[in-house]
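The values are calculated or read from the model by the stated rules, or taken from the named source; none is laboratory data. Quantities reported herein were computed from a predicted structural model and do not represent experimental measurements. Positions of Cβ are backbone-derived with ideal geometry, glycine not excepted, and every protein chain shown enters the neighbour counts.
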Amino acid sequence: MNSVSMDIVSAIGFGAELARLRQMIAEWIETTDGSMQEMLRWQFVEGSKYFRPLTIFACHRARFGGEIPDALIERAVVLEMMHNVSLIIDDILDQSPTRRGRATLHTKFGLLPALMASGYIAAEGYRMSAERPYDVALFSELLKRLGVAECVRWGSRRKPGGYEDWRSLAQEDTGSMFEVCAAIATSDDRMRLFGRLLGMLYHGCDDVADVKGLTSLGGGGEDDLRDGILTLPAALAIQDDAKVRGLFCADEPSPDDLVVMAGAMSERLPQAEDKLDELAAEAKWQAELHAADPSGLYALVDHTRELSRR
């Protein structure tokens, strides 16, 4: 695990559970078709933060207390599989050569093998969930929402949008994954809104970190700027400045235009940080409402919030 994950684990625990999760993933890979194993080891074994399984474990303990059962760790494995399906496809779509300092799957093994691996992982996830209809419904919902979110995000490139537009995108693009984490943890919908807000907070911290030139979360601020992606700082900049809005909507912004836009987004960072503080407060309020012991969820929110400040 990287230092970010280690910080969170030291604050809320679950080191043993994450070790068990990694073991389960390794054991699963050994059962897969031999032609897939090298790719799956590359995708899963190195560099994962396991932030989403941590969210599952934290939500479960906050509601019910006690130890994390193996059955829930198995369900978290499948969630991590579905997450990696989305990562592989995102990397292909964004033409990303690396993720967290390592070659992306399609860069290392080729486009067709990476696409086939993503389908293989999804199929395996459904096979492993076959006796859990609730999970099958959740994962179906998740993949559909992620697919729609990616199409909406792609279709909204270089189009003007404000903070509320960003919230709508963030709650589907990242919030949906964390919603499903919360639902898996409790097997009901009570903590879904907490999960959504946590995911939106994570998404927004990623956006802000990119503008600051940080890479700890795996994003790419320069690519987003060039492609006209509505990040949190971009939304705040273009809703307030007609000139920046015009540059953002241009089909082929010049290098000078990119510099102007980057400067405008940097100027909006304090406002973006305020919005992230608001999201963190909303998430904590949901934890207060629905958790018997929200202290672990508070710590999870606080550590997520710090990701934009590293």
Can you confirm whether residue 103 is at pLDDT 95 or above and more than 17 Å from the chain's Cα centre (by Cα)? no
Of the conditions (1) part of a loop (DSSP other than H, G, I, E, B); (2) within 23 Å of the chain's Cα centre (by Cα), residue 252 clears all except one; give me its number. (2)
Looking for something at pLDDT below 95, hydrophobic (A, V, I, L, M, F, W, C) and more than 19 Å from the chain's Cα centre (by Cα) - is there at least one such residue anywhere in the stretch 268-289? yes
Any hit, the stretch 64-77, residues being in contact with a Leu (Cβ under 9 Å, 6 or more places away or on another chain), buried (at least 21 other Cβ atoms within 10 Å of the Cβ) and under 16 Å from residue 195 (Cα atoms): yes
Single unsatisfied condition, residue 179 versus (1) at pLDDT 90 or above; (2) on the phi > 0 side of the Ramachandran plot; (3) not hydrophobic (A, V, I, L, M, F, W, C): (2)
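Residue by residue, here is whether (1) under 26 Å from residue 284 (Cα atoms); (2) of a type in the set (S, T, N, Q); (3) at pLDDT 90 or above holds:
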position: 196; (1), (2), (3): yes, no, yes
position: 200; (1), (2), (3): yes, no, yes
position: 207; (1), (2), (3): yes, no, yes
position: 214; (1), (2), (3): yes, no, no
position: 240; (1), (2), (3): no, no, no
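For (1) crowded, with 20+ Cβ neighbours inside 10 Å; (2) over 30 Å from residue 10 (Cβ atoms), each residue gets a yes or a no:
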| position | (1), (2) |
| --- | --- |
| 235 | yes, yes |
| 243 | no, yes |
| 248 | yes, yes |
| 256 | no, yes |
| 269 | no, no |
| 274 | no, no |
| 288 | no, no |
| 301 | yes, no |
| 308 | yes, no |
For residues in the stretch 166-191 being among the aliphatic types (A, V, I, L, M) and assigned to a helix (DSSP H, G or I), which is farthest from residue 294 (Cα to Cα)? 169
Picking from 79, 54, the residue that is under 22 Å from residue 174 (Cβ atoms), assigned to a helix (DSSP H, G or I) and in contact with a Pro (Cβ under 9 Å, 6 or more places away or on another chain) would be 79
Name the single residue that is surrounded by the fewest Cβ atoms within 10 Å (Cβ to Cβ) among those in the stretch 108-153 being in a loop (DSSP other than H, G, I, E, B) and in contact (Cβ under 8 Å) with a residue 40 or more places away in the chain. 132
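Give the residue that is farthest from the chain's Cα centre (by Cα), with candidates limited to residues of the stretch 16-50 that are part of a helix (DSSP H, G or I), of a type in the set (D, E, K, R) and closer than 16 Å to residue 81 by Cβ.
Of everything passing the filter in the stretch 16-50, 30 is farthest from the chain's Cα centre (by Cα).
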Can you give me the number of residues within the stretch 151-163 that are closer than 12 Å to residue 232 by Cβ and either at pLDDT 90 or above or among the aromatic types (Phe, Trp, Tyr) (or both)? 1
Quick one: residue 94 ticks every box in (1) within 27 Å of residue 20 (Cβ to Cβ); (2) touching a Gly at 6+ places or on another chain (Cβ under 8 Å); (3) surrounded by fewer than 19 Cβ atoms within 10 Å (Cβ to Cβ) bar one, so which box is it? (1)
